[in-house]
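For reference, the structure is listed below as structure tokens.
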Amino acid sequence: MTRAQAERGEQTAPPVRADLAGRHPYGAPQLDVPVRLNTNENPYPPSAALVADIAAAAADAAGHLNRYPDRDAVALREALADYLGHGLTSASTWAANGSNEIIQQILQAFGGPGRSALGFEPSYSMHPLISQTTATGWIAADRASDFGLDPADAAAAVTRHRPDVVFLTSPNNPTGSATPLQVIDAVCAVAPGMVVVDEAYAEFSRDPSQTALTLLPRYPRLIVVRTMSKAFALAGARVGYLAADPAVVQALLLVRLPYHLSALTQAAALAALRHSAELLSSVAAIRTERDALVGSLRGLGLTAGDSDANFVLFGRFADRHQVWQALLDRGVLIRETGPDQWLRVSIGLPAENATFLAELRNVLDGRAGTVLP
Ligand SMILES: Cc1ncc(COP(=O)(O)O)c(C=O)c1O
């Protein structure tokens with residue numbers, strides 16, 4: 001805006017990048033309702049013992065806040081490598097503010113202008129969004145009608161498009177199913193660039209041994225992304241991480257901001273990792289609730305796939321928004337995401353899941369949502 005325009009009180013839009021103009025910020029609703037089952041958080045809050053440990057670790061870190069944190073977060077990376085196993089070390093792990101920042105750093109280093117990333121949709125919406133904000137071209141490849149992925153089809157899409165980065169999500173969000181290792185193997189075998197396997201929900205899998213971590217020794221361009229936001233019940237602390245060849249980690253150091261991970265975050269994550277057995281104990285309960293919920297949804301005449309995550313995709317509705325809104329009107333917030341006709345519900349505490357099911361039954365009885373076969 002010129003000074004003359006400012007003096008005349010004229011308003012002009014700020015000169016945002018042309019490729020961002022008209023876009024909407026990420027915005028899963030954060031509403032204050034009794035039952036919130038929309039962002040796949042872990043419903044179990046930290047125990048009193050963990051809260052005390054995090055508070056003590058934060059107090060210790062607070063005494064040094066005049067200094068920048070360890071910009072390489074070495075102690076945290078060592079603890080994460082120990083947790084993952086598979087022979088990983090601090091050199092083959094990296095940590096950032098949530099796995100979303102990990103994904104952003106990957107695209108800053110390996111994507112960018114003139115480069116492309118490919119994902120198999122429906123999948124996690126931030127993969128295309130972060131591609132766009134890093135000026136990486138996005139290629140949406142298809143899944144089968146049951147949302148599955150065949151090794152030969154996946155490899156053919158990668159061979160056809162030759163993307164610089166491929167995203168595979170396992171277990172996949174929002175469909176809930178794990179991606180077979182044969183698919184990941186087939187894609188790694190033909191990909192000309194990096195292959196990112198987003199394993200945000202890995203701990204909830206029906207078979208957690210089926211992790212892409214097992215493929216790391218064979219594929220130096222494979223990156224496995226994890227998070228402490230889900231199974232570890234630490235979404236508020238913002239800690240994501242990855243495992244990859246040490247040369248990949250070195251490449252990420254080129255794009256990370258100096259001191260990106262605060263001393264308080266590192267201290268909280270380290271304290272939480274000392275309690276990993278306790279934190280992960282909620283995973284078994286969530287899996288049991290999830291499988292029961294799938295059965296109950298089917299009992300209501302709905303379609304719901306088996307899930308390897310802490311959420312379930314269910315449908316199909318002639319007008320899913322009507323069902324979503326009717327549930328919200330009854331105090332239950334779920335997520336309107338993914339393919340048309342489907343809704344996604346996160347697994348909550350047993351009482352929350354029961355309320356969700358009871359209200360959904362009321363909504364369907366009241367004919368707010370026509371169920372499709
Ligand atoms: C597949 C997947 N990856 C990554 C994330 C990001 O998680 P965070 O940034 O909290 O680590 C999510 C969050 O819902 C997700 O569903």
Condition (residue is within 16 Å of the ligand (Cβ to nearest atom), crowded, with 20+ Cβ neighbours inside 10 Å and either touching a residue at least 40 places away in the same chain (Cβ under 8 Å) or among the small types (Gly, Ala, Ser) (or both)) applied to the stretch 291-300: is it met by at least one residue? no
Which pairs do you get when a residue that is surrounded by 12 or more Cβ atoms within 10 Å (Cβ to Cβ), found in the stretch 50-67, comes within reach of a residue that is not charged (D, E, K, R) and not in a helix (DSSP H, G or I), reach meaning Cβ atoms under 6 angstrom, with the pair 6+ apart or on two chains? 50/275
Pairs please, first residue from the stretch 74-90 and under 16 Å from residue 102 (Cβ atoms) and touching a residue at least 24 places away in the same chain (Cβ under 8 Å), second anywhere and β-branched (Val, Ile, Thr) and assigned to a helix (DSSP H, G or I), Cβ atoms under 9 Å, 6+ apart in sequence or on different chains. 76/265; 77/249
So residue 153 ticks every box in (1) within 15 Å of the ligand (Cβ to nearest atom); (2) out of contact with any strand residue (DSSP E or B) (no Cβ under 7 Å at 6 or more places or on another chain); (3) closer than 21 Å to residue 176 by Cβ but one. Which box is left unticked? (1)
Condition check: within 16 Å of the ligand (Cβ to nearest atom), crowded, with 20+ Cβ neighbours inside 10 Å and farther than 19 Å from residue 313 by Cα. Does residue 187 satisfy that? no
Is one or more of the residues making up the stretch 82-98 in contact with a strand residue (DSSP E or B) (Cβ under 9 Å, 6 or more places away or on another chain), charged (D, E, K, R) and either part of a loop (DSSP other than H, G, I, E, B) or at pLDDT 95 or above (or both)? no
Could you list, in sequence order, the residues of the stretch 195-210 that are part of a loop (DSSP other than H, G, I, E, B) and either closer than 20 Å to residue 106 by Cα or within 11 Å of the ligand (Cβ to nearest atom) (or both)? 199, 200, 201
Residue check for residue 68: at pLDDT 95 or above, aromatic (Phe, Trp, Tyr) and within 20 Å of the chain's Cα centre (by Cα): no
Identify the residue in the stretch 226-275 that is within 13 Å of the ligand (Cβ to nearest atom) and surrounded by fewer than 17 Cβ atoms within 10 Å (Cβ to Cβ) and, among all such residues, is farthest from the chain's Cα centre (by Cα). 236
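The rows are residues; the columns are (1) within 16 Å of residue 174 (Cα to Cα); (2) surrounded by fewer than 20 Cβ atoms within 10 Å (Cβ to Cβ); (3) modelled with pLDDT of 95 or more.
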site: 107; (1), (2), (3): no, no, yes
site: 117; (1), (2), (3): no, no, yes
site: 123; (1), (2), (3): yes, no, yes
site: 135; (1), (2), (3): no, yes, yes
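The values are calculated or read from the model by the stated rules, or taken from the named source; none is laboratory data. Nothing here was measured: the structure is a model prediction, and the numbers come from that model. Methodologically, a virtual Cβ is constructed for each residue, glycine included, from the backbone with ideal geometry; neighbour enumeration extends over all protein chains shown.
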